[in-house]
Amino acid sequence: MTGIYDGVTNGVSFPAFWALSPYSWTSAYGNQMQFNVMNMSIPPQIAFMAQNCMNPSFWSYYNYSMMSNPYIFSSSSNPAYQTIDPQTLQNAYQNAYNSTMEAIQVSMLQASFTSAGNTIATLKGQIETLLKDENLPADKKQQLENAKKQLEALEQKLDKLAKNEEGLSITEIKERMEAYRGELAAIEDTIKEIKESLTPAPTDATAPTDATTPTTPTDATTPTSATTPTAPTAATTPTTPTDTTSPTEPTEPTPADVKEQAVLQSREITKNIYIAVEGPGTKEELLQSAINSINKDNVVEVFDTWAINRYNEKTGDDSLMETIYDDIFSGKTRKEYTMHILNAFIARAKEKGIDISAEQAVIEAELGKWWRNDGLIYRMMDDIHAKLTDNPTLRAVA
C-alpha cells in the first residue's frame, strides 16, 4: 500500500495484518477502531515512532531512552537516513521498558499512599466520636488515646516516606509501605475491638423471648375440662410437624457449594466468550450476556478457568481482557465491560479482606483518559486476579 497512513477499512486478515508489524497498527479515534498500514519502504524504527506520533507517554519514555543512549543515532539530520545499531536499539527499548515499569510502580505507590491516608483520616474520626461519649470507661478512653497517638505517628512516617527523604529505591519504598500498612491494620483492629466491647450484646435483649414461655397458660383451657370429651383435640398436637420447617436449613449453601457453583458458571462463561470471539466477526449479544453473567462470586473463577483451559493459546492473546478488547471496537463498550468486571473484583476483594486499591486506581485512571494504555489495564486486571485466586499456580508471589 502507498502513503504513510493508508487506512484499511474492511476485509482485514488479522494474521496477515499483524505479520506486517511494525508497519501495521490499530488506532481508536472517535471510539472506533481503525486498521492502518504504513509505506513499507521507510525504516522500521521510523515506522514504530510514527505509530506513536501522538502518544505523549511513548515520547517521554523514548526521550528517556535517547538520553540514556546518546549515540544511538548517526549525525544525519534526516530521520529517513538515520541508522541504529541492533544491540543499542535493544538496550534503548529495555531502558524504555524499565522506565515504564517504574512509572507504573510509582503510580501504584501513590495510590497506596492515598488509600492509607484516607484510612487514617477515617479512623481518627471514629476515635473522636467515641471519645465524646461521657460514659466511656477510663480504660477504653486510654486505649483510644493511645491508638490516636499511634495513628498520628504513622501519619508522619507515611508523609516522610512519600517525600522519600532517605533516598530509598522504589522496591525499598514498597517494602516500607507494606510494613506501615501492617501497622495501620493492627491499629484498625484495635479500634474495632474497642467499638465492639462498647456495644451491648443484643443476645441478652432477645433473651426475654423466654417470656413467651407463658404460652403455657394454654393450661387455662383445662378448666374447660367439662368439655373433656373434646380431648380428641389432643390430636392437634401433630402441629409439631412445624419442625418440618427445619429442613429449610440445608438450603443455605455451604462455601463448598458456592465454590462449586462458581466453577460451573465460570466454565459456561468462558466457553461463551470464546465462542463469541472465535472466527470472523463477533457474536456481540453472546459476548455481552457472558460478561454480564460475571459477578463477585464467580469473577475469580472465570479468570482461573480462562487460564487453566489455556484459552490464550487458542486466541493468541495474552489475557482474557485483551481478548475482550480485541473484539470490541467501541471505547464506550470497552469501558462498560471493564468496569463491570472491576466492580466484581472489588466486591470479592472486600469479602476476602484483600487490598486492591492500587490496581483499581490505575485502571480507573486509564479509563478516564482519551489515549489510554490498554496493555496497562490488562496487566492490572491480571494482577488483581493473582491476588484473589486460591489456585497456587496462578497466585501472586509476594
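By how many nm would the segment from residue 168 to residue 352 lengthen if fully extended, with 0.36 nm per residue of separation less the alpha-carbon distance?
Details: separation 184, 0.36 × 184 = 66.24 nm, distance 3.16 nm.
Extending this stretch completely gives an extra 63.1 nm.
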Segment residue 329-residue 141, extension gain: residue separation times 0.36 nm, minus the distance between their alpha carbons: 61.8 nm
Counting only protein heavy atoms with a 1.4 Å probe and every protein chain in place, the carbon and sulfur fraction of the accessible surface of segment 115-202 in whole percent equals 47 percent
Excluding residues on the same chain fewer than 8 positions from residue 259, give the aspartates and glutamates whose Cα lies under 13 Å from its Cα. 297, 301, 304, 390
Under the Karplus relation 6.51 cos²θ - 1.76 cosθ + 1.60, θ = phi - 60°, what is the ordered set of whole-Hz ³J(HN,Hα) values for segment 357-363, x standing for Gly and Pro? 4, 5, 5, 4, 5, 5, 4
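If r is the Cβ-Cβ distance from residue 110 to residue 271 and R0 is 45 Å, what FRET efficiency results, to the nearest 0.05?
Working: r = 39 Å, r/R0 = 0.87.
My answer for the efficiency is 0.70.
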Treating cross-link reach as a plain straight distance, find the aspartates and glutamates whose alpha-carbon is under 19 Å from the alpha-carbon of residue 140, omitting any fewer than eight places away in the same chain. 128, 152, 188, 189, 193, 196
Rounded to a whole number, what is D in µm²/s for segment 262-398 from Stokes-Einstein with the Kirkwood radius over alpha-carbon pairs (37 °C, 0.692 mPa s)? 219 µm²/s
What's the extension gain from residue 371 to residue 288 if we count 0.36 nm per residue and subtract their Cα-Cα distance? 27.4 nm
What is the packing order of peptides 174-180, 136-142, taking the mean over residues of other C-beta atoms within 10 Å and listing the highest first? 174-180, 136-142
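Considering only protein heavy atoms and a 1.4 Å probe, what is the carbon-and-sulfur percentage of the accessible area of segment 338-382? Can you show the working numbers first?
Numbers: 1070 of 2010 Å².
Accessible surface attributable to carbon and sulfur in segment 338-382 totals 53 percent.
The values are calculated or read from the model by the stated rules, or taken from the named source; none is laboratory data. The model shown is predicted, which means the values in this text are computed figures rather than measured ones. As a convention, Cβ positions derive from the backbone with ideal geometry for all residues, glycine included, and neighbour counts pool all protein chains shown. Surface accessibility is based on the protein's heavy atoms, side chains included, excluding ligands, DNA and RNA. Shrake-Rupley method; radii C 1.70, N 1.55, O 1.52, S 1.80 Å.
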